[in-house]
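What follows draws every value from the coordinates through simple rules; no lab data is involved. Remember, predicted model here, so these are calculated numbers, not experimental data. Ideal geometry is used to build each Cβ from the backbone, glycine not excepted, and the neighbour counts take in all protein chains shown.
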Amino acid sequence: MDFNAVPMTVFTEPELAHVGMSSVQAASALGADAITVTRYEYAGDSRTQIYGETLGFIKLVFRRADARLLGAQIAGMDAAQLIAPLALAVEQRLGAAALADTAFPHPMIGEGINKAARAFHQ
């Protein structure tokens, strides 16, 4: 079992969730130049605007050399549900392209995963 791929959630207001390495952990382990961090802000999301819960973000941490997802952090509405596909991506060692090319339903916050992955540039 890959314990690095086990998601952690905190059911607070806002919800918090993470899996894998944080940007600080990844930079410490690999060097700051070896990682890329992307973010998706809830403020621009259609679903969070509908519910009036625009405070939050999705943050993805990638290894720059091969675009592999090393970790993710989410703060905000539905964070506990959104972390599951990212845990799968960490466990399966998927890269930014896999997340960027996956279709997510609209209007759902999960689209933020797709948009954050598309922001990756090597």
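Applying 0.36 nm per residue to the separation of Met1 and Ala97 and subtracting their alpha-carbon distance, the gain on full extension is 32.1 nm.
Between Ala80 and Thr12, the modelled labels are 1.5 nm apart [label points 7 Å from Cα along Cα→Cβ].
Arrange Met108, Met1, Met77 by Cβ neighbour counts within 10 Å, fewest through most, would you?
Ascending Cβ contact count within 10 Å gives the list Met1, Met108, Met77.
Distances between placed amide hydrogens fall under 5 Å for Gly71 paired with Met21, Val61, all partners being 5 or more residues away or on another chain.
Using only the Cα atoms of segment 10-118, what semi-axes does the equivalent ellipsoid have when each is the square root of 5 times a gyration tensor eigenvalue? Give whole Å, largest first.
The answer is 23, 15, 12 Å, longest axis first.
Straightening the chain between Ala34 and His121 buys 30.1 nm, computed as 0.36 nm per residue apart minus the Cα-Cα spacing. Ordered by the count of other Cβ atoms within 10 Å of each Cβ, fewest first, Ile35, Ile58, Ile83 give Ile35, Ile83, Ile58. Fewest-first ordering of Leu88, Leu82 by other beta carbons within 10 Å of each residue's beta carbon gives Leu88, Leu82.
Taking Lys and Arg as +1 and Asp and Glu as -1, the other residues whose beta-carbon sits under 11 Å from that of Thr102 total -1.
Phi angles across segment 41-53 convert, under the Karplus curve 6.51 cos²θ - 1.76 cosθ + 1.60 with θ = phi - 60°, into 3J(HN,Hα) values of 8, 4, 4, x, 8, 4, 5, 5, 5, 4, 8, x, 10 Hz, Gly and Pro given as x.
For segment 80-92, backbone phi angles converted through the Karplus equation (6.51, -1.76, 1.60; θ = phi - 60°) give residue-by-residue couplings of 5, 7, 6, 6, 4, x, 6, 5, 4, 5, 5, 4, 8 Hz, Gly and Pro being listed as x. Under the simplified labelling scheme, the Ser22-His106 pair shows an inter-label distance of 3.5 nm, with each label point 7 Å from Cα along Cα→Cβ. Of the residues Thr54, Pro14, Met1, the one whose Cα sits farthest toward the positive end of the charge dipole of the chain, with +1 on the Cβ of Lys and Arg and -1 on the Cβ of Asp and Glu, is Met1. Counting only Cβ charges, +1 for Lys and Arg and -1 for Asp and Glu, the dipole size of segment 10-118 around its Cα centre is about 380 debye.
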